[in-house]
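I have placed the structure first, in the form of structure tokens, so that the comments after it can refer back to it.
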Amino acid sequence: VPEHVWRINLDVPEEAQQNLSFGAADRWWEQTDLTKLILASNKLQSLSEDVQLLPALTMLDVHDNQLTSLPSALGQLENLQKLDVSHNKLRSLPEELLQLPHLRSLLVQHNELSQLPEGLGQLLSLEELDVSNNQLTAVPTSFALLVNLVRLNLACNQLKELPADLSALKSLRQLDCTKNYLETVPSKLATMASLEQLYLRKNKLRSLPEFPSCKLLKELHAGENQIEILDAENLKQLSSLCVLELRDNKIKAVPEEITVLQKLERLDLANNDISRLPYTLGNLPQLKFLALEGNPLRTIRRDLLQKGTQELLKYLRSKIQDDGPGASEEPPVTAMTLPSQSKVNIHAITTLKLLEYSDKQAAEIPSAVFDAVGANPVATVNFSKNQLRDIPPRLVELKDSVCDVSLGFNKISSISSELCLLHKLTHLDLRNNVLTALPEEMEALKRLHTINLAFNRFKVFPSVLYHLPALETILLSNNQVGSIDPVQLKGMDKLGTLDLQNNDLLQVPPELGNCENLRSLLLEGNPFRTPRAAVLAKGTAAVLEYLRSRIPS
């Protein structure tokens, strides 16, 4: 920096030496002290201590230089309100900086800071603090004193946790924690009453934080995390939310309660594991943008997704069916009750050998359903789309005749021994539950040839499946299975279809190529690098051939 810049308040201008007839514009003795100095986008490697000769400065901007340190004399600029030292090579900030009583904006993003001064909380006037794109692993606890802070940017650092003390920032409206290593958010942050925008993208969150007091929160960005469940209770607290961004997570379902977000304008759920949507989503009055691409949606055609938000909402609204009042009050079943009135379709039992009690959202199957069977042999049972948490114990009463059981779309977390006694079972549908394992007793199901376990929570391939010799079809898509045993699979002579789409397979064992009985092997949507998508697209035979070619000889 040229010397005369620092001395601009002190030196008498040259023209004062020569020109003796001063016009109004040249009255240098009326000159005021310098208040703003902008030295941005130069090649400065240091700043002189002479900066203290400019005590009236309210703004100093030295961003985009090559500074590795700052002069301690900065602490003397007691009128300074804005300091921009971003885009330099600073490794630390001088302690003297903490003496600036009027500093309102401190911008230090894009430097090489691994820590901040512990006393940063002394800057009581601070309203804006940007420390993004540094190498910070922690935030000073004194941050809690910054009660006037309105914007805080901590993005692109190495933070593994946030101090709960941040909840003291009562004026904070915008908090950006994008691209750190956060696994949780302290529950105390929920008391930040002024918070309007919260950015948590690109972290390691497994669930959406709770925000009971954040009544003003308008934007919540939590894409690119590992969120699996949207908690209905959490959503209910976000009544002011306009933007909810949750793309690139592992969300399996959208709760009906999302309709409490009456002010929602943008909802981004792209690239998750969502298979069905609540149709009531179509009733959100302000929704202008809805992104759903990259989900395994069963009920919505792909071409509909490409027609845009308004068409999609119109379709969802058209699907809403009003359940009439009193639907839960069932009339008693008597000999005179017509099949249409009774809760059990007797006609279906006697002629179709079908026992159906589905789509009732029931927590358990009423005894009357099983009582209605009597001596009739039942071949097919459909208890799907309820709220069952366990396998109905009375299912065992049907063991001599039942061969097809559907318990999909419930909340079943474990398989009881009753199910393992259904020795004639050939088809078993358990999709969309919360299963993590299958019991070894299932080995008794010697006739089982199709099992559907899609959309559960299996982290490992259920080993009992390897011991079911009649199995022809295994559907295990949309779980978190990390590996398979190709040797055991080769022993399954009848296996023709194996669906492992959208799991966590990091590699495909080349020996899987030896399973030559497989007619349909589905592996898309896993994080492995080989075989590449182009090989997968050629079909099962090509994939098996490719895998065989990779077996070490």
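The values are calculated or read from the model by the stated rules, or taken from the named source; none is laboratory data. All values reported here derive from a predicted model rather than from experimental measurement. Counting neighbours? That spans all protein chains shown, and the Cβs are built from the backbone with ideal geometry, glycine included. For the accessible areas, the whole protein counts, side chains as well, though only heavy atoms, and no ligand, DNA or RNA atoms are used. Shrake-Rupley method; radii C 1.70, N 1.55, O 1.52, S 1.80 Å.
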Q: Would you check the accessible area of Val150, probe 1.4 Å, heavy atoms only, in square angstrom rounded to 10?
A: 30 Å²
Q.
Counting only other residues whose beta carbon sits under 11 Å from that of Gln310, what net charge do I get with K and R as +1, D and E as -1?
A. +3
Q | Environment charge at Val260 (Cβ cut-off 11 Å; Lys +1, Arg +1, Asp -1, Glu -1) | A | -1
Q) Hey, what's the chain come to in accessible area per residue, 1.4 Å probe, Å²? A) 49 Å²
Q: Towards the positive end of the charge dipole of the chain, with charges on Cβ (+1 Lys, Arg; -1 Asp, Glu), say which of Gln197, Pro377, Ala363 has the farthest Cα.
A: Pro377
Q) Put +1 on the Cβ of each Lys and Arg and -1 on the Cβ of each Asp and Glu in the chain; which of Leu287, Gly121, Asn386 then has its Cα farthest toward the positive end of the dipole? A) Asn386
Q) How far apart, in nm, are two points set 7 Å out from the Cα along the Cα-to-Cβ line at Ser171 and at Val147? A) 1.0 nm
Q: Give the Rg/Rh ratio for the range 182-318, taking Rg as the radius of gyration of the Cα atoms and Rh as the Kirkwood radius, to two decimals.
A: 0.95
Q.
Output wanted: per-residue J couplings in Hz (rounded whole) for the range 304-310, from phi through Karplus 6.51 cos²θ - 1.76 cosθ + 1.60, θ = phi - 60°, x for Gly and Pro.
A. 5, 4, 7, 7, x, 4, 5
(Q) From the protein chains alone at 1.4 Å, what is the descending order of accessible area for Lys288, Lys399, largest first? (A) Lys288, Lys399
Q: Using a/c under 1.5 as the rounded threshold, could you call the range 93-141 rounded, prolate or oblate? The axes a ≥ b ≥ c are square roots of the C-alpha gyration tensor eigenvalues, and prolate needs a/b larger than b/c, oblate otherwise.
A: prolate
Q) Assigning unit charges at the beta carbon (Lys, Arg +1; Asp, Glu -1) and nothing else, what dipole magnitude in debye, to the nearest 20, does the range 150-298 show about its Cα centre? A) 220 debye
**Q.** Distance (nanometres) between label positions extended 7 Å along Cα→Cβ at Lys188 and Glu311
**A.** 5.1 nm
Q. Under a plain spin-label model, where a point goes 7 Å from the Cα along Cα-to-Cβ, how far apart in nm are Thr35 and Asn9?
A. 1.3 nm
**Q.** Cα-Cα over 26 Å, subset of Lys385/Lys459; Lys215/Lys411; Lys399/Lys490
**A.** Lys215/Lys411; Lys399/Lys490
Q: Please report, in debye to the nearest 20, how large the charge dipole of the chain is about its Cα centre when each Lys and Arg carries +1 at its beta carbon and each Asp and Glu carries -1 there.
A: 1960 debye
Q: Pop out the carbon and sulfur fraction of the accessible area of the chain as a percent, whole number, probe 1.4 Å.
A: 48 percent
Q) Residue by residue, what Karplus-based ³J(HN,Hα) values in Hz, rounded to whole numbers, does the range 233-246 have, using 6.51, -1.76 and 1.60 with θ = phi - 60° and x for Gly and Pro? A) 4, 4, 5, 4, 7, 9, 5, 9, 4, 9, 10, 10, 10, 10
Q. Could you give the angle, 0 to 90 degrees to the nearest 10, between helix 540-549's Cα long axis and the longest principal axis of the Cα atoms of the chain?
A. 70 degrees
Q | Phi-based couplings in Hz for the range 161-169 (Karplus 6.51, -1.76, 1.60; Gly and Pro marked x) | A | 8, 10, x, 4, 4, 4, 4, 6, 7
Q | Efficiency of FRET between His423 and Leu352 - r from beta-carbon atoms, R0 25 angstrom, step 0.05 | A | 0.70
Q: Report the full-extension gain for the segment Thr299 to Gln52: residue separation times 0.36 nm, less the Cα-Cα distance, to one decimal in nm.
A: 82.0 nm
Q | Theoretical gain in end-to-end length, Lys446 to Ser549 [0.36 nm per residue, Cα-Cα removed] | A | 33.7 nm
Q) At a probe size of 1.4 Å, how large is the accessible area of Glu257, to the nearest 10 Å²? A) 60 Å²
Q) Which of [x] 44, 34, 24; [y] 43, 27, 22; [z] 66, 29, 19 is the computed semi-axes √(5λ) of the Cα gyration tensor in Å for the structure on display? A) [z]
(Q) Nothing charged except the Cβ atoms of Lys and Arg (+1) and of Asp and Glu (-1): what's the magnitude of the dipole of the range 195-250 about its Cα centre? Round to the nearest 20 debye. (A) 100 debye
Q) Expressed as a whole number of Å, what is the distance separating the alpha-carbon centroids of the range 183-211 and the range 391-435? A) 40 Å
Q) If the viscosity is 1.002 mPa s and the temperature 20 °C, what translational diffusion coefficient in µm²/s does Stokes-Einstein give for the range 346-549 when Rh comes from Kirkwood over Cα pairs? A) 120 µm²/s
